[in-house]
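The structure appears below as structure tokens.
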Amino acid sequence: MKKMLIAGNWKMNKIAAEATELAASIVNGVNKLSGAMPQILVCPPFLSIASVVKAAVGSPVIVGAQNCHNLQKGAYTGEVSAQMVADSGCKYVIVGHSERRAYFGESDEFINLKAHAAITENLIPIICIGETLEQRQNGETFDIVANQLKGCLAGFDKSYSEKIVIAYEPVWAIGTGISATAAQVDEAHNFIRQELNKYFETEAENVIILYGGSLTAENADEVLSIRNVNGGLIGGASLKAEVFLKIISISQKYL
Ligand code: PGA
């Protein structure tokens with residue numbers, strides 16, 4: 001059976017009432033689905049986590065955060081620790097999203113610290129990697145991805161294969177409406193799986209690898225059918241319950 005995680009990254013969208021409404025619509029739709037289910041995750045902004053957790057109680061929908069700090073507490077104005085994220089009812093946390101790398105200067109080393117902090121708090125970090133358009137055009141995709149993995153996965157061995165998730169998100173495909181082609185996704189995910197052998201050895205097959213970047217209800221079938229794709233990290237298309245639900249139901253074909 002193929003592992004499948006369908007994750008919505010709501011980014012900086014939805015005030016609390018809207019987030020609660022979206023969560024309730026997703027929960028309602030998911031409860032009507034039958035058959036085997038993927039793991040279903042929504043990652044609202046921090047301030048809506050509590051109300052979304054409440055809306056999801058008793059349903060298969062789980063909640064994650066979009067970021068965390070690696071330290072437990074202290075004088076870091078504006079930051080939220082992994083411990084706080086876990087305490088709020090989250091099970092996952094996205095770390096190293098390309099928007100955080102680009103706008104907030106996050107390095108692979110910092111992302112690695114966040115991932116370790118998340119695991120310490122029993123959260124599963126979704127570690128994001130992916131090349132920019134320029135890097136792809138220069139033929140550097142594999143080098144970039146391999147380097148990001150090396151930095152982000154420091155200190156992890158095969159005992160962590162089910163405690164972390166990798167999200168391959170080519171930066172040029174995020175929010176642009178230009179998804180990577182099936183061939184590009186296939187090639188990148190095969191490469192990532194192969195690289196994961198270096199860290200997780202015999203357990204590399206168990207690591208969930210998500211695709212992210214303009215994943216929609218239109219291209220989900222093609223992308224989710226790819227062998228080394230274990231689900232999606234979905235931005236824009238996760239903001240509408242009916243679209244997100246459609247992607248969830250498409251994913252059921254590949255479980
Ligand atoms: P997108 O975003 O689906 O809107 O391209 C994906 C992401 O950034 O995680």
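The values are calculated or read from the model by the stated rules, or taken from the named source; none is laboratory data. Quick caveat, the model's predicted, so the values are computed rather than measured. With ideal geometry, Cβ positions are generated from the backbone for all residues, glycine too; neighbour counts draw on all protein chains shown.
Brief remarks on what is shown
- Among residues of region 68-84, those that are hydrophobic (A, V, I, L, M, F, W, C), part of a loop (DSSP other than H, G, I, E, B) and surrounded by fewer than 23 Cβ atoms within 10 Å (Cβ to Cβ), counted: 3
- Among the residues of region 93-124, the ones that are outside any helix (DSSP H, G or I) and of a type outside the set (Ser, Thr, Tyr) come to 11 in all.
- Residues of region 84-99 satisfying the condition of being more than 11 Å from the ligand (Cβ to nearest atom), more than 19 Å from Ile6 (Cα to Cα) and not polar (S, T, N, Q): Met84, Val85, Ala86, Asp87
- Checking Leu215, Leu149, Leu210 one by one, the residue that is under 24 Å from Cys43 (Cβ atoms) and away from the ligand (no atom under 15 Å from the Cβ) is Leu149 and no other.
- Residue in region 31-39 that is loosely packed, with under 15 Cβ neighbours inside 10 Å, more than 19 Å from the chain's Cα centre (by Cα) and free of Cβ contacts under 8 Å to residues at least 24 places away in the same chain present: yes
- Verdict on Ala102 being away from the ligand (no atom under 16 Å from the Cβ), within 27 Å of Ala220 (Cβ to Cβ) and at pLDDT 95 or above: no
- Candidates Val53, Val63, Val42, filtered to the one that is surrounded by fewer than 23 Cβ atoms within 10 Å (Cβ to Cβ) and aliphatic (A, V, I, L, M): Val53
- Enumeration of residues in region 85-112 that are closer than 13 Å to Asn67 by Cα, in contact with a Cys (Cβ under 6 Å, 6 or more places away or on another chain) and either surrounded by fewer than 18 Cβ atoms within 10 Å (Cβ to Cβ) or without any contact (Cβ under 8 Å) to a residue 60 or more places away in the chain (or both): Val85, Val93, Gly96, Ile111, Asn112
- Matching residues, region 197-230, being part of a helix (DSSP H, G or I), in contact (Cβ under 8 Å) with a residue 60 or more places away in the chain and either surrounded by fewer than 23 Cβ atoms within 10 Å (Cβ to Cβ) or of a type in the set (Lys, Arg) (or both): Asn206
- Of the residues in region 5-12, at least one is hydrophobic (A, V, I, L, M, F, W, C) and either more than 16 Å from the ligand (Cβ to nearest atom) or surrounded by fewer than 20 Cβ atoms within 10 Å (Cβ to Cβ) (or both).
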